[in-house]
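The values are calculated or read from the model by the stated rules, or taken from the named source; none is laboratory data. Keep in mind that this is a model prediction, so the values were computed, not measured. Here the Cβ positions follow ideal geometry from the backbone for every residue, glycine too, while neighbour counts run over all protein chains shown. Note: accessible area is taken over every heavy atom of the protein model, side chains too, but ligands, DNA and RNA are not part of it. Shrake-Rupley method; radii C 1.70, N 1.55, O 1.52, S 1.80 Å.
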Amino acid sequence: MGLLTNYSIALVPGDGIGPEVIEPTTEILDAVGDKYGYVFNYVELEAGGKAIDSSGEPLPASTLAVAKECDALLLGAVGGPRWDTLPGHLRPERALLGLRSGLGVFANLRPAALLPQLRAACPLKDGALIASNPDGKPSFDLLIVRELTGGLYFGERGRSDDGKAAFDTERYSWNEIERVLRVGYAAAAVRRKKLCLVDKANVLESSRFWREVCALVSKDYPDIETSYLYVDNCAMQLIRDPGQFDVIVTSNLFGDILSDEASVLTGSIGMLPSASLGSPTDPLAKDGRPMGMYEPIHGSAPDIAGQDIANPLGTILSAAMMLRYSFAMETEAAAIEAAVNTVLDAGLRTQDIATRSAGDSEKIVGTKAMGKAVLKALEQ
Ligand code: NAD
């Protein structure tokens, strides 16, 4: 083998099940490196509860500074009941907001597709799943593009002087909306060419502003069908007929909520990966590729932490997204996705995606065993 190409990955295992789902993922990345001739160098960093315990703050300045130097960031999850009583600015979840804004990763891509092997783990009836599928197959394949560094999560917030009222602010600039819409349109262009803007324009001024921006930006994408939906209707349509959606673009708050809803339709929140991308022209971009932060969409799941039962597939698939978006390794990303498919074909299930009705065709395995099975499938 010739000279190996090196990549540096900032690794934040985090709290709860975070380290449990990260461990098999780095083993799989190492196997990809061995197979295809790369070296992934991990720089382990503290953020969230772990960082609070060791340094008193959820996102130490050094963590952000080192992450900025790396080629990409892979995160497990942060948070847990131990830190829930801390004031807002000291809570573990603050680290997520700080990393996302500090790295400028404004577009959060959350693909949600129903794999045929997990049909039984999806709570919807066939009627809902085939409603928009002319081929009659019970499935859906959608992508939620969530704005990640603006809106309610970053707006001004506070309490009144008498402590009897509190407020958060939804504020979006034209630029913040336009850039995430363009990410959505670029994604739709290589998918089924449909983009739905989800908002609450019947009530919120900020949503009406989103629609104004979208009406103008959409003119640059005449091949793509643009539609608009109120978020309450979207929440309903997702369970009535998820196949109608291709790309959904929405704000930080709505994207957070809708993607958890969509995740359940895929079988479990443990299945869903995500990629958060910055701008290719940002100073943190490397070789014209945007800065990327990759994480499963689930949290630290304190209720199942330490039991070796967490589903690692969302994190493993997040690593595949990292290879695709940050390192332009399409073949390698597809190899990980194929390995996940192989283990699901073989009937392996963590308990969150197991179905009682499937009987002997399913084998329930733990986090470690699931990781090893994907590793083996990849190496074959
Ligand atoms: P959660 O996603 O951690 O858990 C919700 C439910 O899904 C739980 O029943 C959990 O057991 C289950 N679940 C989650 N991931 C799973 C997996 N991989 N395999 C199997 N089951 C899984 O959400 P929560 O309970 O609302 O939050 C717990 C903590 O995580 C909180 O402190 C919250 O703030 C934090 N959180 C962090 C992130 C993040 O780090 N990106 C995201 C969401 C929540």
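By the scheme Lys and Arg +1, Asp and Glu -1, what is the net charge of all other residues having a beta-carbon under 11 Å from that of ALA338?
Values: positive: none; negative: GLU332, GLU337, ASP345.
Charge balance near ALA338 sits at -3.
Within the chain, what percent of beta bridges assigned by DSSP are antiparallel, to the nearest 5? Don't skip to the answer; put the middle values down first.
Numbers: 17 of 47 bridges.
DSSP beta bridges in the chain are roughly 35 percent antiparallel.
Provide, in order from the shortest bin, the percent of all Cα-Cα pairs of the range 123-265 in each 5 Å bin, continuing until the bin that contains the maximum pair distance.
For the range 123-265, the binned pair fractions read 2, 10, 19, 20, 18, 13, 8, 5, 3, 2, 1, 0, 0 percent.
So what's the chain giving for Cα Rg divided by 2.2 N^0.38 Å, two decimals? Numbers along the way, then the final one.
Details: Rg = 20.4 Å, N = 380, 2.2 N^0.38 = 21.0 Å.
Here the answer is 0.97, to two decimals.
If you average the alpha carbon positions of the range 118-188 and of the range 29-91, how far apart do those two centres end up, in angstrom?
When both Cα centres are located, 24 Å separates them.
What length, rounded to one decimal in nm, is gained on full extension from ALA65 through to VAL43, with 0.36 nm per residue of separation minus their alpha-carbon distance? Intermediate results must be reported in sequence, preceding the final value.
Working: separation 22, 0.36 × 22 = 7.92 nm, distance 1.19 nm.
So the chain would gain 6.7 nm between ALA65 and VAL43.
Restricting to bridges with both residues inside the range 99-245, how much of the DSSP beta-bridge set is antiparallel, in percent to the nearest 5? Could the numbers behind the result be given before it?
Numbers: 10 of 16 bridges.
Around 60 percent antiparallel, to the nearest 5.
With a cut-off of 8 Å between alpha carbons and a minimum separation of six or more residues, what is the relative contact order of the range 317-380 in percent? Write out the running numbers ahead of the final one.
Numbers: 57 pairs, mean separation 20.0, N = 64.
The value is 31 percent.
Carbon and sulfur: what percent of the chain's accessible surface (1.4 Å probe)?
Numbers: 8840 of 16420 Å².
So the carbon and sulfur contribution to the accessible surface is 54 percent.
Test of understanding: what is the full-extension gain from THR5 to LYS286, defined as 0.36 nm times their sequence separation minus their Cα-Cα distance?
Working: separation 281, 0.36 × 281 = 101.16 nm, distance 1.45 nm.
Value of the extension gain: 99.7 nm.
Once you have the Kirkwood Rh of the range 70-182 from its Cα pairs, apply Stokes-Einstein at 25 °C and 0.890 mPa s and quote D in µm²/s.
Values: Rh = 17.9 Å.
Answer from the Stokes-Einstein relation: 137 µm²/s.
Estimate the FRET efficiency between MET236 and LEU204 by the formula 1/(1 + (r/R0)^6), using the beta-carbon distance for r and 22 Å for R0, to the nearest 0.05. Intermediate values should be presented prior to the final figure.
Numbers: r = 18 Å, r/R0 = 0.84.
That pair, MET236 with LEU204, gives E of 0.75.
With every protein chain left in place, what is the accessible area per residue of the range 123-265 in square angstrom, probe 1.4 Å? Mind dumping the intermediate values first?
Numbers: 7000 Å² over 143 residues.
On a per-residue basis, the range 123-265 sits at 49 Å².
Give me the one-decimal nm value for the distance between modelled label points at SER173 and ALA189, 7 Å along each residue's Cα-to-Cβ direction.
Modelled inter-label distance: 2.4 nm.
What is the local net charge at GLN380, summed over the other residues whose Cβ is closer than 14 Å to its Cβ (Lys, Arg +1; Asp, Glu -1)? Mind dumping the intermediate values first?
Working: positive: LYS35, LYS372, LYS376; negative: ASP34, ASP345, GLU379.
Every neighbour counted, the sum reads 0.
Explain nothing, just the number: relative contact order of the chain, from Cα pairs under 8 Å at least 6 residues apart, as a whole percent.
RCO, the chain: 21 percent.
Given R₀ = 30 Å, what would the calculated FRET efficiency be for THR85 paired with ASP308, taking r from the Cβ atoms and rounding to 0.05?
On the way: r = 28 Å, r/R0 = 0.95.
That gives a FRET efficiency of 0.60.
Could you check the simple spin-label distance between LYS219 and GLU27, using points 7 Å along Cα→Cβ, in nm with one decimal?
Calculated label separation equals 5.6 nm.
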